[in-house]
Amino acid sequence: MKKICCPVCNSSHVNLVEKNSVDWIAFLYQLFLQIDVAPYFKDIGTLSLYRCGDCRLGFFSPHVSAQQELYQQLQKKDWYYPAIKEEYHYAAGYIEAGAKVLDIGCGPGYFKSYLEDAYYQGLDYSHSGKEILSEDVHEHIDRHPSYYDALVLFQFVEHLEQPKDFLARALSGLKKGGRLIVGVPYEDSYLQDFPLFPLNIPPHHLSLWNEEALKRLGEELSLTLISLHQPNLEIWEKPLFWLIFFLKKMGVLKKKRRLLLGFCTPIAYILSLLATKCNWPVPVQKGATMIAVYQLDR
Ligand SMILES: [Zn+2]
């Protein structure tokens, strides 16, 4: 049997947190996103969540990764690529005017508008545009060694099977003194109330991130961590926050019963829209993102 190791620190000191049937995972995707992911799981019966005992990264096994079709379905939802994000604003503060910036998994390239006078290059298979290439990241970087002042990856590394290995290779595109900026869904945010929220589990996301894992990622890559920052709850996050809030209040998330969750979710959804529309005061200040800024000093 293949040994399970952490995809950030390579530790074999990993603990099984829970096993879920793939039927349950597929049910959650259908209920919350109206997307059929069952074909992704046709060869496996259960999906296990592990926690690294050394860096606390959470990761799922076996690996099941999304194909373009899933992204195309998600991109039809107007909330999938918000144009305004504190994450972008914060990252831009670490990029100097005139810098060369590579935005890996750039989506529609919204980050560019936050940059002052920078040379911007986006890479994304799902998008095209004047400054966006549909090109393999490593092939692009192999042709641009030590070229960029900043590599930015917003909500990208959690989609990767081997995030550290991917970034280790990508760093060859960064100049000495350049910055690597990584934004991830932050599991110690309000997301912790719904650990199996379907956007944050396979086949969409393969790992669960926290501060310890981000710090360890920098150490593994021999980078200096300059900053960790959790942006405030964004306006577009409020419906999600309230949905999880009401489901938690109803006590239905841990029970894993289809009929109960299927009955309560539409009610929680209506309440979440009402709370958002009426601008009810949100009981948390921070959102579900953590951003890490690293520097390449070697
Ligand atoms: Zn680890």
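Every number in this text was worked out from the coordinates using simple rules, so none of it is lab data. What you are looking at is a predicted structure, and each value in this text was computed from that prediction instead of being measured. Note that we place each Cβ from the backbone using ideal geometry, even for glycine, and neighbour counts take in every protein chain shown.
Its Cα gyration tensor gives the range 225-298 an equivalent ellipsoid, and the semi-axes of that ellipsoid, as √(5λ) in whole Å with the largest first, are 32, 17, 8.
Highest mobility in the GNM of the chain, judged by mean-square fluctuation with C-alpha springs under 10 Å and restricted to Pro266, Pro203, Pro281, is found for Pro281.
For the range 14-67, the normalised intensity computed at q = 0.21, 0.22 Å⁻¹ comes to -0.79, -0.84 (log10 of I(q)/I(0), Debye sum over alpha carbons, equal scatterers, no solvent). Residues whose amide H falls under 5 Å from that of Lys100, counting only those 5 or more places apart or on a different chain, are Tyr119, Asp149, Ala150, with hydrogens built in the peptide plane. Between the listed residues Gln68, Ser128, Ala288, the Cα displaced farthest toward the positive end of the dipole of the chain, a dipole computed from Cβ unit charges relative to the Cα centre, is found at Ala288. Using a cutoff of 8 angstrom between alpha carbon atoms and counting only pairs six or more residues apart, the relative contact order for the chain works out to 20 percent.
You can think of it this way: the chain between Asn10 and Glu135 has 42.2 nm of extra reach, that is 0.36 nm per residue less the Cα-Cα gap.
Phi angles across the range 100-109 convert, under the Karplus curve 6.51 cos²θ - 1.76 cosθ + 1.60 with θ = phi - 60°, into 3J(HN,Hα) values of 9, 10, 10, 9, 8, x, 6, x, x, x Hz, Gly and Pro given as x. Applying a threshold of 26 Å to the alpha-carbon distances of Lys175/Lys215; Lys112/Lys286; Lys85/Lys256 flags Lys85/Lys256 as lying beyond it. Here the 3J(HN,Hα) profile of the range 114-128, calculated from phi with Karplus coefficients 6.51, -1.76 and 1.60 at θ = phi - 60°, is 8, 9, 9, 6, 9, 8, 10, 10, x, 10, 6, 6, 8, 9, 9 Hz, Gly and Pro shown as x. Taking label positions 7 Å along the Cα-Cβ direction at both Asp23 and Ile267, the computed distance is 2.5 nm, reported to one decimal. Which of rounded, prolate or oblate describes the range 63-165 when judged by the alpha-carbon gyration tensor and an a/c cut-off of 1.5? Oblate. Residues in the range 117-150 near a label at Glu96, defined as backbone nitrogen under 12 Å from the 7 Å Cα→Cβ point? Hits in the range 117-150 for Glu96 at 12 Å: 149-150. Each principal axis of the Cα cloud of the chain was evaluated for its coordinate range; sorted largest first, these ranges are 55, 52, 32 Å.
In vacuo Debye scattering of the range 237-277, one point per C-alpha: log10 I(q)/I(0) at q = 0.28 Å⁻¹? Cα-only, vacuum Debye calculation for the range 237-277: -0.88.
A crude spin-label estimate for the pair Arg298 and Glu69, with each label 7 Å from Cα along the Cβ direction, gives 4.2 nm. Couplings for the range 201-212, taken from phi via the Karplus curve 6.51 cos²θ - 1.76 cosθ + 1.60 with θ = phi - 60°, read 10, x, x, 6, 10, 10, 9, 10, 10, 8, 5, 4 Hz in order; Gly and Pro are left as x. Amide H contacts under 5 Å for Ile226: Val293, Tyr294, Gln295, restricted to partners 5 or more places along the chain or on a different chain, H placed in the peptide plane at 1.01 Å from N.
For Leu208, the residues whose amide H sits under 5 Å from its own are Gly58, Phe59, ignoring neighbours fewer than 5 places away on the same chain, with H placed 1.01 Å from N.
Relative to its residue count, the range 4-123 spans a Cα convex hull of 146 Å³ per residue. Over 26 Å apart: what share of the alpha carbon pairs of the range 105-235 falls there, rounded to a whole percent? For the range 105-235, the fraction of Cα-Cα distances above 26 Å is 24 percent.
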